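Chemist: Take this structure first; my questions come after.
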Amino acid sequence: MTSAVVNIDQLVSGMQEPVKTFIGRVQALGGANCLAITVFGTVATPNFDPAIHTAKSVVVLEQIDLSMLRELAKDGAKLGKAKIAAPLIMTPVYVNGSLDAFPLEFLEIQQCHHCLVGPDYFSDLSFEIQHIRLQCERELKTILIAMRQGLLAAAGREKMFGAMESDIAERLMRTLRGLLWLHGKKEWLTAIEVVSQIEKDTERTLPGIRHALEGSRQHGWDDFTTFYHEIDGLKTLADTW
């Protein structure tokens with residue numbers, strides 16, 4: 001694998017050195033087995049803010065090497081402080097063989113990413129409508145189950161609602177982007193832009209989802225129930241779009 005770092009200048013200035021250090025560590029551990037490193041999501045945009053975001057990435061290996069991952073895991077605390085999340089680890093075979101099972105995850109990468117080292121394994125991916133539709137439906141229903149279980153687990157401690165909603169909101173955004181893809185909108189949008197577009201296309205307001213995206217906001221029972229019913233109302237879109 002080449003040691004050259006490509007397009008690192010496209011990252012916000014505050015993340016260029018941390019990401020460069022991360023890449024160097026991955027290359028040192030992976031050697032020739034490390035084929036490519038790609039960042040995706042907000043870190044690939046000018047909107048990245050280390051105060052509230054973490055850099056997501058994919059490391060593509062020729063073969064999965066658990067010993068290498070064990071060594072990389074030792075840097076977990078250091079990487080976390082540098083606002084770099086644990087990378088997704090894939091192989092080319094895994095990427096090409098998983099588009100039907102995890103289309104939303106690969107769509108999320110494809111829509112907004114920078115390939116920093118090695119070949120780009122994500123730009124040319126194509127997705128089947130039925131696979132996107134099925135996962136959107138499954139994800140929305142799974143989120144609703146998780147919210148019901150979370151409500152029971154909270155055991156009346158409503159202060160836990162905020163953390164629960166924040167965790168669900170990120171997963172929900174991936175699903176809503178899939179719904180927009182089904183509706184013909186293929187470009188990547190920020191979370192707020194996604195909500196605004198869904199509101200426009202469905203002619204409804206989604207205050208509960210908007211509030212869930214505000215991680216610092218207090219979340220009470222009314223917020224939780226509004227959030228739940230909005231997601232419940234959206235699950236039919238997977239069948240109608």
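Read-outs throughout are calculated quantities, based only on the coordinates presented, and are distinct from any laboratory measurement. Everything numeric in this text was worked out from a predicted model, so none of it was measured. All Cβ positions, even for glycine, are placed from backbone atoms using ideal geometry, and neighbour counts span all protein chains on display.
Chemist: Mind sorting I168, I209, I8 by how few other Cβ atoms lie within 10 Å of their own Cβ, fewest first?
Modeler: Going from least to most buried by this count: I8, I168, I209.
Chemist: Could you tell me which of rounded, prolate or oblate describes region 8-117, using a ≥ b ≥ c as the square roots of the eigenvalues of the alpha-carbon gyration tensor, with rounded for a/c under 1.5 and, failing that, prolate when a/b is larger than b/c and oblate otherwise?
Modeler: The shape class here is oblate.
Chemist: Could you work out [θ]222 nm for the chain from helices alone, using -39500 (n - 2.57) per DSSP H run of at least four and dividing by all its residues? Round to the nearest 500 deg cm²/dmol.
Modeler: -17000 deg cm²/dmol
Chemist: Please go through the residue pairs K20/K56; K20/K81; K56/K159; K20/K78; K56/K78; K141/K235 and name each one whose alpha carbons sit more than 19 Å apart in this structure.
Modeler: Distance filter (> 19 Å) returns K56/K159.
Chemist: Over all Cα pairs of region 129-240, how is the pair count split among 10 Å bins, expressed in % and running from 0 up to the last occupied bin?
Modeler: Percent of pairs per bin, in order: 14, 49, 29, 7, 0.
Chemist: Please give the length that would be gained between Q149 and D49 if that part of the chain were fully extended, namely 0.36 nm times their separation in residues minus their C-alpha to C-alpha distance (nm, one decimal).
Modeler: Full extension of this stretch gives 32.8 nm more.
Chemist: Can you give the convex hull volume per residue for the Cα atoms of region 48-178, as a whole number of Å³?
Modeler: Dividing the Cα hull volume of region 48-178 by its residue count gives 146 Å³.
Chemist: E193 to E105: extension gain in nm, 0.36 nm per residue of separation minus the Cα-Cα distance?
Modeler: Contour length minus Cα-Cα distance gives 29.8 nm.
Chemist: In what sequence do R204, R174, R157 fall when counting other Cβ within 10 Å, fewest first?
Modeler: R157, R204, R174
Chemist: At most 16 other C-beta atoms within 10 Å and a DSSP loop state: those are the exposed GluC sites (Glu not before Pro) I care about. Give me the longest piece of the chain that has none.
Modeler: Value returned for the longest uninterrupted segment is 63-127.
Chemist: If you don't mind, another one. Rank these for me by crowding, H183, H131, going from fewest to most other beta carbons within 10 Å.
Modeler: Fewest to most other Cβ atoms nearby, the residues stand as H183, H131.
Chemist: Let me ask you something else. Principal axis lengths of the chain from Cα atoms, whole Å, largest first?
Modeler: Taking max minus min along each principal axis of the Cα atoms, the chain gives 52, 39, 32 Å.
Chemist: Something else now. With both bridge residues required to lie in region 23-150, what share of the DSSP beta bridges run antiparallel, to the nearest 5%?
Modeler: That works out to approximately 70 percent antiparallel.
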